[in-house]
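The values are calculated or read from the model by the stated rules, or taken from the named source; none is laboratory data. The model shown is predicted, which means the values in this text are computed figures rather than measured ones. Using ideal geometry, Cβ is built from the backbone for each residue, glycine included, and neighbour counts are taken over all protein chains shown.
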Amino acid sequence: MPRDLDGALPPALLVADDDRTQRAIIGAAAARLGFRVVHAASVDAADGHLGNEHFDTIVVDLALGERDGIELLRSISQLRPIPRVIVASGCEERILNAAVRFAHAAGITGAVAVPKPIDVARLSALLGCKVSPNTAGEPTATLPPMTAAAIARGIDNDEFFPVFQPKIDLASGRVAGCEALARWRDPTLGAIDPADFVAVAEATGQVGEITRSILSRSIACVRDFAKCVPDFVLAVNVSAALLTDLSLPDEVDRILVDSGVSPRSLLLEITESVAMADIARATDVLVRLRIKGVGVAIDDFGTGYSSLSALARMPFSELKIDQSFVRNCLTDGDLMKIVRGSIALGHEFRMKVVAEGIEDEATRQALASAGCDLGQGFLFSAPLPRDAFLAWMGDWAARDRGRVLAAT
Ligand code: C2E
Ligand code: MG
Ligand code: MG
């Protein structure tokens, strides 16, 4: 079997699809990314391969002949370690999403959906490789497949760091704080976005170490940020998966004390990409954080699992409306209804409401008129490294804030 230069076996991918053409397309995309590809045309054939060898990734077609893809997902959920799963299907979107939710509930927490006909660029990105939008699906192979070993190396070498994006008070135009967003500085590839590593780190259990590093590094900046804005609040993203760790509140407290930062200057944004496994533990952790004075936001509200049931059971202090509702709310009346409804709901729960993804002035004005408290988006600033963010805050106070208020 061919090995790479380090002598390691290439990652193995099983493509389970009864359509020969689809198998060929998926197999070719994976092979270009360095996968060893095994084909299965039925659930029985796939089960046979699973019994004989380990696969890093499995692409599962939902309509797989007599026995369907759900049965295969059930078999995959029994494997240890559980491979990464991509569910591909031409079924209606709601069926595909329900199948992925089934996979999550069965313990395949990293499962993702890809609609058919397959978008090769999207599939390649999911398989762990950045694709240039100009090369008609030809991967540029700038990123190797994301593996636990690669992430562990990044953690050991201290390559994860935060960038900061301002959160603006929409009524006054003042900076209210910022969100710290993780980046991975690979020595040869430059800054890698969280879309390329967070889901993998969640699936491998490494996201806790990344979060600790982002927390300490960004909390260390708060004293400088507060020189520009005295009541500055720093937000840090925390995967819902980490809320099973009962030591989290004490650990956060210790980092705050060590840096001399008040708990009121910190807010944790809970990103719930998979269903919360243990609601009692998560509530325990969130309540204790709130008692200490740390704020807690429900991130990407309205998408995935960030929804009404989470609102009802958790003591959130802030609601962040997902950017998928905000970006086109001026042209799509249905989206605007969701935005307005979310603002009203958030205020019912006495939460601050934040709109993410504000890219133009007209949207900012509409959200301010709708009573949204805070805004975040490229209109104000892209995420910036620490020093650039400090400089941006100085400029904003002198220039942009005046312009925003003049336009209101
Ligand atoms: P998020 O927490 O919802 O963060 C907002 C994302 O939207 C950021 O992407 C930001 O760069 C992007 N964004 C902000 N304004 C605009 C805009 O006006 N238009 C558009 N199109 N995009 C905008 P980023 O930095 O790539 O982060 C993506 C997601 O990765 C975050 O979504 C968050 O869920 C996750 N993430 C980031 N850092 C961490 C982390 O330290 N831990 C965990 N668990 N997740 C993280
Ligand atoms: Mg966030
Ligand atoms: Mg968000």
Would region 282-303 turn up any residue that is within 16 Å of ligand 3 (Cβ to nearest atom), surrounded by 19 or more Cβ atoms within 10 Å (Cβ to Cβ) and polar (S, T, N, Q)?
no
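Residue-wise test of (1) within 16 Å of ligand 1 (Cβ to nearest atom); (2) outside any loop (DSSP other than H, G, I, E, B); (3) within 24 Å of LEU286 (Cα to Cα).
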| residue | (1), (2), (3) |
| --- | --- |
| ASP300 | yes, yes, yes |
| THR303 | yes, no, yes |
| LEU345 | no, yes, yes |
| ARG399 | no, yes, no |
The number of residues in region 1-53 that are over 22 Å from GLY90 (Cα atoms), touching a Leu at 6+ places or on another chain (Cβ under 8 Å), part of a loop (DSSP other than H, G, I, E, B) and modelled with pLDDT of 90 or more is 1
Can we say GLY190 is farther than 16 Å from MET146 by Cα and away from ligand 3 (no atom under 16 Å from the Cβ)?
no
All but one of (1) within 16 Å of ligand 3 (Cβ to nearest atom); (2) modelled with pLDDT of 90 or more; (3) out of contact with any Pro (no Cβ under 6 Å at 6 or more places or on another chain) hold for ASP250, so report the exception by its number.
(1)
So for region 60-75 (the condition being out of contact with any Asp or Glu (no Cβ under 7 Å at 6 or more places or on another chain) and in a strand (DSSP E or B)), does at least one residue qualify?
yes
When both residues are 6+ apart or on different chains and their Cβ atoms are under 7 Å apart, which pairs have a first residue that lies in region 184-206 and is in contact (Cβ under 8 Å) with a residue 12 or more places away in the chain, and a second that is within 13 Å of ligand 1 (Cβ to nearest atom) and of a type in the set (S, T, N, Q)?
ALA199/SER273; GLU202/SER239; GLU202/SER273
If you take the residues of region 193-214 that are within 16 Å of ligand 3 (Cβ to nearest atom) and not hydrophobic (A, V, I, L, M, F, W, C), which of them is farthest from the chain's Cα centre (by Cα)?
THR211
Restrict the check to region 311-323 and report whether at least one residue is of a type in the set (Lys, Arg) and farther than 19 Å from ASP169 by Cα.
yes
The residue from ARG74, ARG80, ARG101 that alone is over 30 Å from LEU9 (Cβ atoms) and surrounded by fewer than 19 Cβ atoms within 10 Å (Cβ to Cβ) is ARG101
